[in-house]
1. I need a count of the residues in region A:32-72 that are closer than 30 Å to residue B:197 by Cβ and either surrounded by 14 or more Cβ atoms within 10 Å (Cβ to Cβ) or of a type outside the set (A, V, I, L, M) (or both).
2. Output the number of residues of region B:412-430 satisfying the condition of being closer than 14 Å to residue B:329 by Cβ and either touching an Asp or Glu at 6+ places or on another chain (Cβ under 7 Å) or open to solvent by 50 Å² or more (accessible area, probe 1.4 Å) (or both).
3. I'm trying to understand the selection: among the residues of region B:362-375, which are within 21 Å of residue B:338 (Cβ to Cβ) and open to solvent by 20 Å² or more (accessible area, probe 1.4 Å)?
4. Looking at B:64, B:60, can you tell me which residue is facing chain A (nearest Cβ under 9 Å), under 18 Å from the mean Cα position of the chain (by Cα) and among the hydrophobic types (A, V, I, L, M, F, W, C)?
5. Please pick out the residue among A:296, A:276 that is at pLDDT below 95 and buried (at least 22 other Cβ atoms within 10 Å of the Cβ).
6. In region A:376-389, what residues are over 19 Å from residue A:153 (Cα atoms) and open to solvent by 10 Å² or more (accessible area, probe 1.4 Å)?
7. If you go through region B:185-211 one residue at a time, how many are hydrophobic (A, V, I, L, M, F, W, C) and either touching a His at 6+ places or on another chain (Cβ under 8 Å) or open to solvent by 50 Å² or more (accessible area, probe 1.4 Å) (or both)?
8. For residue B:84, indicate whether it is surrounded by fewer than 24 Cβ atoms within 10 Å (Cβ to Cβ), more than 8 Å from chain A (Cβ to nearest Cβ), over 16 Å from residue A:274 (Cα atoms) and over 28 Å from the mean Cα position of the chain (by Cα).
There are 2 protein chains.
Amino acid sequence: MADKPARRIVIGRRPAFERPSQPGWCHVIENRFARRAATLSTAFPAPHFPSELGPEVIPFDSGFAAPQLLPDLTAFAHAALTEHREETLQYSATQGQPELRGWLADLMNEDGCSLGPDNLLIVNGAKHGLELVCRLLLDEGDAVVVTAPTYFTAIPIFRSFGVEFVEVGQDEDGLLTEALEHALAERQAEGRPLPKLIYNVADFHNPTGATMSEQRRLRLIEIAEREGIFVVEDTPYRRVRFEGPTIASLKALDPGGIVIHLGTFSKLIAPGLRIGWVAAESELIARLIQLKSDGGSSPLMQRIIYEFGRSPAFAAHVERVQAVYRERRDRMVAAVRRRLPEAQLSVPEGGYYVWLTLPPHIDGDALAARAAQAGVNIIAGSKFFAGGEAYPANRTRPNHHVRLSYSYATPEQIDEGVERLAAIYAPLAA
Amino acid sequence: MADKPARRIVIGRRPAFERPSQPGWCHVIENRFARRAATLSTAFPAPHFPSELGPEVIPFDSGFAAPQLLPDLTAFAHAALTEHREETLQYSATQGQPELRGWLADLMNEDGCSLGPDNLLIVNGAKHGLELVCRLLLDEGDAVVVTAPTYFTAIPIFRSFGVEFVEVGQDEDGLLTEALEHALAERQAEGRPLPKLIYNVADFHNPTGATMSEQRRLRLIEIAEREGIFVVEDTPYRRVRFEGPTIASLKALDPGGIVIHLGTFSKLIAPGLRIGWVAAESELIARLIQLKSDGGSSPLMQRIIYEFGRSPAFAAHVERVQAVYRERRDRMVAAVRRRLPEAQLSVPEGGYYVWLTLPPHIDGDALAARAAQAGVNIIAGSKFFAGGEAYPANRTRPNHHVRLSYSYATPEQIDEGVERLAAIYAPLAA
């Protein structure tokens, strides 16, 4: 950076004093960042929004909503800005709008929980909820348990708290609780502190699509309670179920409050709402409120969601979401089976993603790189592994996988995209 | 907490296994919180919104907007949700909507800066911007400079990063730069690390109302550049000016990028929007984007603000804001001079607050407590002092002050509220 000009921002109105003799501010203060920020890139992230891509690019990397599923919120916004003008334009309670919290408690109680409005905190999306939970629980040097693979956006959030990872494997029934017990026992035997939390997406896991069995859920909570380790349950896809019986959420199975539940409206209503929630013991919510220093989540967005959520439009919307993504899931599974028969896949019962396990001689990173050149954006499996201690130690190598999303691509794009992948796959496999 | 029942959340659908023999989860995991959260209260904060108070209560504690100043945003919201539906309901760029950033750069450049859209990051209000800057700069044990007194909501944000405070005094020209130099020299002489940042509200300071002189601003930047310490300029009230010439912002006077500028629409448009911005060197913005893990700030709110901001309604709105609060400032200053002549006050040229310095025999905490009993909510001056090392050491005692806000109370309430304060004041002074 020392070769950059010392004077970065040219003063508009008034030249100030002369700059000191240092070669430039970056040079002077490079060592003035927090440890969590010292190694961050100074380059801007590349845009990767579907709307910024050419029409020829097929976005299998996107967690965006199918555009036709974006609901019409105009009437709810109008009501919010007129009938509730004072509520929606003044400061609002940090904990969130009471009626919205009450409705959310009802929704979760219909789903097997026993919560009141004081068990809920409204946040700016589930990622914000996760960050607040990290602020509640994590000091530098702490350990966290994640699945291998795990939701890739959670990895830098955890990393920014200076933690180490304990990676626990999964199968089609979700997190391997025996491997978790082994990991915890090993740490205890070595006199090392236990992890502070266990992070998991139990329903339609991102990226694997696996849903944790009830037996595993009960076992996970039992272990967590015994050891006093919080379970952070992230549930963006829980209501995006296409078939099969709903399995009780970890929160519904939680007798004593060891589960901290994260929810969001992004996958169920629209990603742009930027409103989610944390459901937990009220003592934890009270502490989280004090750590939530944003001046409250948007009261306008909260009112719009509440008015939409209690309108008849909501149930119809959820049905449409399920129907559209079920069709796309079917389309993608059929295309993969037809054109990429060597790739293993488990059919997800909900969610947005298909996770392909490739034969040993195919590298997921190479496949993703070639796919991008051919106008198909997919995400290499290696991006979903946090690194760190792995249980079981001999888990599948991270670079054997790719994740394909079917939420945003049209059925025609799904067929075309898988065709293109098959064409790339052949020379790699040769 | 051990006397609370061990089983907090009764399972709805299915009884799980028996609980272990511990007396309750709180007891088990009390030591499992992060250091920053270990001492937080488990009680819910008391609500203090004007709308929750009886009509007899006069809210001189509130930073709420005067209700008649809340703008009509219905047409902008409608356009945002129809013409820009895909933009406002899908995920959006973490850095913020490009047109909004461009418009903000223009606004700031009209105000003396030289910024481009890459110098801007959209955040969920200025407090969120401050938290992100803390994440960029602060490790546990670092020091930060704040004014004595300072914006009280910033104190717990800094505290949650485990920092120590260096308090620098102020006079009617703002932060005492000589005292700052003395503080820095003392630390250097003792071999202690310099503070990581200097936090200040240079325009219409909260709580004192003081505006920093240009000479002090230049001196502050000179010191900061020389020592390599970032200046965090918080500007919620900058455009709420009633009279007198505008003084260049710290960012406009910043030759090399040492100033990180925080802005918000809360005081200028409406508090409930929950959208603000950070203006800084693009290398800093690039790092902040990576620390902003909330999935982007609400694209709907961003579009509404942009459409309102570039409409003719915006300039008219700002004029009304200035006119209404000027009248209320005048009303409050006149009432205080008439009824509390022993209290010293400097007339603020903008902003929301009047800061009273009481005679030595009057305690601000006692006055605030009595005022609440008499139905006047004011904030004791002691709440605005962060504690820590103080420069100059013999600064005024923190509990000699109270802050009165005139933004939300009507002119009639202003007269009545000061009357009530005068009635309380007399016996305290006796």
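The values are calculated or read from the model by the stated rules, or taken from the named source; none is laboratory data. Here the structure is a predicted model, which means the values were calculated and not measured. Note: ideal-geometry Cβ built from the backbone for every residue, glycine included; neighbour counts use all protein chains shown. For the accessible areas, the whole protein counts, side chains as well, though only heavy atoms, and no ligand, DNA or RNA atoms are used. Shrake-Rupley method; radii C 1.70, N 1.55, O 1.52, S 1.80 Å.
1. Going through region A:32-72 one residue at a time, the tally reaches 12.
2. The qualifying residues number 0.
3. B:370, B:374
4. B:64
5. A:296
6. A:389
7. 2
8. Criteria met by residue B:84.
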